[in-house]
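Structure first, then comments.
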Amino acid sequence: MPDSHTNPHHERRWLILFVIAIAQLMVVLDATVVNIALPSAQEALQFTNDQRQWVITAYALAFGSLLLLGGRIGDLFGRKRAFVVGLGGFAGASALGGMAQSFEVLIAARALQGVFGALLAPAALSILTTTFTDPQERGKAFGVFGAVAVGGAAIGLILGGVLTQYLNWRWCLYVNLAFAVPAALAAMPLLHNEIAEHRARIDVPGALTATGGLFAVVYGLANSETNGWADATTIGMLVASVVLLSAFVVIQTRSANPLLPLRVVLDRDRGGSFLAMVLTGAGMFGVFLFLTYYLQQNLGFTPIQTGFAFLPMTFSIVIAATSSSTKLLPKIGPRPLIGGGMLLAAIGMATMTSIGVDTAYASHVLPGILIIGAGMGMVFASAMATATFGVQPGDAGVASAMVNTTQQIGGSIGTALLSTLAASAVADRLAEAATRPDAALAAQAAVHGYTTAFWWAAGIFAVGGVICGALLTKRSVEVAHVAQAEPAFAHG
């Protein structure tokens, strides 16, 4: 058992776990709490439907594209510093967003939240990994961390509804201060500023090309919603994304200290798992965005009712994830779970396309989100385990960061793409009946936009299930069987 001489955090490890869990809760909660508040924020700040996606995308894009760089900064300057600065910056960005009197300030605040979240999240995971070195205790610590990650989404849905309905949407941003400030104050005396013994330099060219390329693809997709696919800016951004991301790959093959060592993603099992996280992120973010608007604007749900309406999906994810990871994964491996889970999510998404202007939640929404949740739970548990198993010790942090990165980038791309397709469908439906514009027609057009997005999301899940199932190798089954017996550095 390690002591305070070898591990300065050992004696205070459970207090440190509590502080890290609070920080993780804030980061996870922030995504869903803002979703519920979005219709109210749109009404207050008077931004358009084609702009609303940026409230979600600005955070996810900044967070996802900077996670790998955030992890490197923590290694270079110390994890305590990165953790505390990340918490303080997140609190400041949240306060700025809460006070926003314009759409532009709100978007800037959300992007800043993503920037500081990208500094905070890898530092928290690294501190957790180095603090708990006993295998049995580490299992418990990561169990708590995982439970907070899943439970935070559910808490965010309910809390977002309560704050929006009884206070106003701004408190969905202000509430982060209640988590960030106490956690930062507690972390300062609890943590030692551990710096990696062999500090690699930051891969600046890699960071610039990766961030620029990811921004360009999402901005290009978002711009297409407003100005169309033939617009010069749309085409220019999408071409720039291909050039920049291609340059990133070349740089990673030649860099002495690559931001993302390609050996991490070129393994077929890990590559298939990362792809699964991208595609599930794309589909999941779309469900939350469009379903929130459908429930509140078409079915007349209050923000609190909307939060509770998503809870069955959360419970379905938790049940499927825990049963998959403990019972199925060791027996059958991740290939059938990842491929089958994505196909199951596709079925659930297709079920959602039956919604109408006045259909009932219990008959037309609930079955779909339960099926989607079960599929997502199967994918999450299997993909995370496979993506982080068997990497070299020096690549463990990068592999862990990639799990979050791929999901966030998938969410950014999915939100932009599905929003564009939904907006086009709405415009086409309204154009067909331009001679009789009325409120009923507008509601029908909105629902047509939602169902169009659901059909595309179903297609993404279905194609992804086939591709990921083909990518994963039979070795995955063997890996699952020996995962508990072999050390994490068994093979690279």
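Just from its helices, what would the mean residue ellipticity at 222 nm be for the chain, if runs of 4 or more DSSP H residues each count -39500 (n - 2.57) and the sum is divided by every residue, rounded to the nearest 500 deg cm²/dmol?
Counting only the DSSP helices, I get -27500 deg cm²/dmol.
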*Can you tell me the Rg and the Dmax, both Å, for the Cα atoms in region 261-492?*
19.4, 69
*A440/S246 FRET efficiency (R0 56 Å; Cβ-Cβ; nearest 0.05)*: 0.70
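Please state the shape class of region 154-299: rounded when a/c is under 1.5, otherwise prolate if a/b exceeds b/c and oblate if not, all from the C-alpha gyration tensor.
Taking the square roots of the gyration eigenvalues as a ≥ b ≥ c, region 154-299 is oblate.
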_Against the empirical 2.2 N^0.38 Å scaling, what ratio does the C-alpha Rg of region 344-416 come to?_
1.48
*Which residues in region 81-107 have a backbone N closer than 14 Å to a point placed 7 Å from the Cα of L167 along the Cα-to-Cβ line?*
94-100
*Set the Förster distance to 35 Å, then compute FRET efficiency between Q297 and A108 from the Cβ-Cβ distance, nearest 0.05.*
0.85
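Given the Cα-Cα distance of W14 and V357 and 0.36 nm per residue of separation, how much length would full extension add, in nm?
On the way: separation 343, 0.36 × 343 = 123.48 nm, distance 5.03 nm.
Going from the current span to full extension adds 118.5 nm.
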*Kirkwood Rh over Cα pairs of the chain into Stokes-Einstein at 37 °C, 0.692 mPa s: D in µm²/s?*
143 µm²/s
*Overall dimensions of region 203-258 by Cα: Rg and Dmax, Å*: 12.8, 42
_Contour excess over end-to-end distance, with Cα ends at A431 and V239 and 0.36 nm allotted per residue_ = 66.1 nm
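What does the extension gain come out to for T473 and S323, with contour length at 0.36 nm per residue minus their alpha carbon separation?
Extra length available between T473 and S323 comes to 51.8 nm.
Is the shape of region 235-390 rounded, prolate or oblate, going by the alpha carbon gyration tensor and its root eigenvalues a ≥ b ≥ c, with a/c under 1.5 for rounded and a/b larger than b/c for prolate? Show your work: numbers first, answer last.
Numbers: a/c = 2.89, a/b = 1.52, b/c = 1.90.
Taking the square roots of the gyration eigenvalues as a ≥ b ≥ c, region 235-390 is oblate.
Given 10 °C and 1.306 mPa s, compute D for region 23-144 with the Stokes-Einstein relation, Rh being the Kirkwood radius over Cα pairs; round to the nearest whole µm²/s.
Working: Rh = 15.3 Å.
Here the translational diffusion coefficient equals 104 µm²/s.
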*Two-site label geometry, V204 and Q101: point separation in nm, points 7 Å out along Cα→Cβ*: 3.9 nm
_Exposed-site-free run, longest, the chain (rule: trypsin sites (Lys or Arg not before Pro); DSSP loop; at most 16 other C-beta within 10 Å)_ = 202-473
_the chain, relative contact order in percent, only Cα pairs under 8 angstrom and at least six apart counted_ = 21 percent
_So for each of 295-308, 206-219 I average, over its residues, the number of other beta carbons within 10 Å; can you give me the resulting order with the highest mean first?_
206-219, 295-308
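Read-outs: derived from the displayed coordinates by stated rules, not from any lab. Because the structure is predicted, anything quoted here is derived from the model rather than measured. Every residue, glycine as well, gets a Cβ built from its backbone with ideal geometry; the counts of neighbours run over all protein chains shown.
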